[in-house]
Amino acid sequence: MSRPVWRQPVRIAEAVESTFQRLGLESRFRESEIWRVWPMVVGPQIARHAQPHALSYGRLVVHVTDPVWLHHLSMMRHRIVAALNKSLKASSVREIVLRVGAVTAPTETGRGAVPNDDAAAPDPAHVDRVEALLKPLGETPFRDGLFRLLLKAYRPGERGPSR
């Protein structure tokens, strides 16, 4: 039996990022940034009435609350595409398709409400611990998803992640 080769330790952010690159998932995570930047790009009023629903082959499907907003945003869609791509620093969005559909209320962080299986909101102390754990990651493309994953993994009554 041969001994495993010892490799130098690496930061978790570097390990996760290189894994995503190796698996070809980096562009998908970059595309997922659309949901994070949407409220900042379109502003709070539009974000209350329109939210991204799906992205496929550069076509962003956006759900709007009613036909009035559908008409209003159809006039602005080229500007929104340009602003999204500028914010993402990539040409991820080719076109926007608008549909009347379900729009969740934005939270105080600007993101759409994340469906939560538990009726209770996470403990603020737990949210602070998760933020502290993820601080070394900076603004990497997958940080937001990992934050939501850690919050969802926490169940009230159980011990959350430690420092």
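The values are calculated or read from the model by the stated rules, or taken from the named source; none is laboratory data. These numbers were taken from a predicted model, which means no experiment stands behind them. Positions of Cβ are backbone-derived with ideal geometry, glycine not excepted, and every protein chain shown enters the neighbour counts.
Brief remarks follow.
- Residue within region 114-121 that is at pLDDT below 75, crowded, with 17+ Cβ neighbours inside 10 Å, in a loop (DSSP other than H, G, I, E, B) and charged (D, E, K, R) present: no
- The test for being part of a strand (DSSP E or B) and either more than 30 Å from Gln21 (Cα to Cα) or at pLDDT 90 or above (or both) holds for Val97.
- In region 29-47, residue nearest to Ser91 (Cα to Cα) [restricted to those that are loosely packed, with under 15 Cβ neighbours inside 10 Å and in contact (Cβ under 8 Å) with a residue 12 or more places away in the chain]: Met40
- Picking from residues in region 63-82 that are touching a helix residue (DSSP H, G or I) at 6+ places or on another chain (Cβ under 9 Å) and outside any helix (DSSP H, G or I), the one that is surrounded by the fewest Cβ atoms within 10 Å (Cβ to Cβ) is Asp66.
- Residues of region 3-32 that turn out to be at pLDDT below 75 and part of a loop (DSSP other than H, G, I, E, B), as a count: 2
- Test result for Leu55, in contact with a Pro (Cβ under 7 Å, 6 or more places away or on another chain) and in the same structural domain as Gly101 (by TED's automatic domain parsing): no
Conditions (1) at pLDDT 85 or above; (2) under 30 Å from Val127 (Cβ atoms); (3) in the same structural domain as Ser32 (by TED's automatic domain parsing), marked per residue:
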{"site": "Val61", "(1), (2), (3)": "yes, no, yes"}
{"site": "Thr65", "(1), (2), (3)": "yes, yes, yes"}
{"site": "His72", "(1), (2), (3)": "yes, no, yes"}
{"site": "Arg79", "(1), (2), (3)": "yes, no, yes"}
{"site": "Ser87", "(1), (2), (3)": "yes, yes, yes"}
{"site": "Pro106", "(1), (2), (3)": "no, yes, yes"}
